[in-house]
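K.L.:
First, the structure itself, so that you have it in front of you.
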Amino acid sequence: MRTTIEFDDDTAKAIEELRRESGLGVSGAVNELIRRGLLPRRDVQRFEQRTRRLGVKIDVSDVAGALEALEGVEAR
């Protein structure tokens with residue numbers, strides 16, 4: 001398929017870098033970058049919540065009381 005597209009500066013730079021590194025033409029570099037973009041990401045790290053004991057029991061249904069217990073009366 002033939003078509004005309006205009007590349008943004010950052011994508012044009014990526015195409016040129018790939019062309020220089022691998023010796024591909026513009027079409028080959030564009031197709032390779034598109035294929036890379038279609039691959040599932042593997043480098044995503046799983047989020048793990050860290051918790052610590054505060055030594056204080058907090059009733060989260062009372063927001064004002066919880067803030068006072070955590071930050072002190074003068075934080076108001």
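K.L.:
Name the single residue, out of those in region 60-76 being charged (D, E, K, R) and at pLDDT below 80, that is surrounded by the most Cβ atoms within 10 Å (Cβ to Cβ). So that I can check it myself, show each step before the final result.
P.N.:
Here is the first cut: in region 60-76, the residues charged (D, E, K, R) are 62, 68, 71, 74, 76.
Subsequent filtering for residues that are at pLDDT below 80 retains 74, 76.
Values: Glu74: 6, Arg76: 8.
For region 60-76, the residue satisfying everything is Arg76.
K.L.:
So which residues in region 22-76 are farther than 25 Å from Ile5 by Cβ and assigned to a helix (DSSP H, G or I), if there are any at all?
P.N.:
Within region 22-76, Val63, Ala64, Gly65, Ala66, Leu67, Glu68, Ala69, Leu70, Glu71, Val73, Glu74, Ala75 qualify.
K.L.:
Out of region 35-52, which residues are at pLDDT below 85 and either of a type outside the set (Val, Ile, Thr) or surrounded by 10 or more Cβ atoms within 10 Å (Cβ to Cβ) (or both)? Working first, answer last.
P.N.:
Kept after step one, since they are at pLDDT below 85, are these residues of region 35-52: 40-45.
Of everything in region 35-52, those that are at pLDDT below 85 and either of a type outside the set (Val, Ile, Thr) or surrounded by 10 or more Cβ atoms within 10 Å (Cβ to Cβ) (or both) turn out to be Pro40, Arg41, Arg42, Asp43, Gln45.
K.L.:
Do the conditions hold for Arg19, that is, is it basic (Lys, Arg) and not in a loop (DSSP other than H, G, I, E, B)? Steps first, answer last, please.
P.N.:
On the way: basic (Lys, Arg): yes; not in a loop (DSSP other than H, G, I, E, B): yes.
Judged against the criteria, Arg19 is a match.
K.L.:
Scan region 47-72 and report the pairs whose first residue is in contact (Cβ under 8 Å) with a residue 12 or more places away in the chain and whose second residue is small (Gly, Ala, Ser), with Cβ atoms within less than 7 Å and a gap of 6+ or a chain change.
P.N.:
Here the result reads Val56/Ala69; Ile58/Ala66; Ile58/Ala69, each pair linking region 47-72 to a residue that is small (Gly, Ala, Ser).
The values are calculated or read from the model by the stated rules, or taken from the named source; none is laboratory data. Computed from a predicted structure; not experimentally measured. Please note: Cβ atoms are built from the backbone with ideal geometry, for glycine as well, and neighbour counts cover all protein chains shown.
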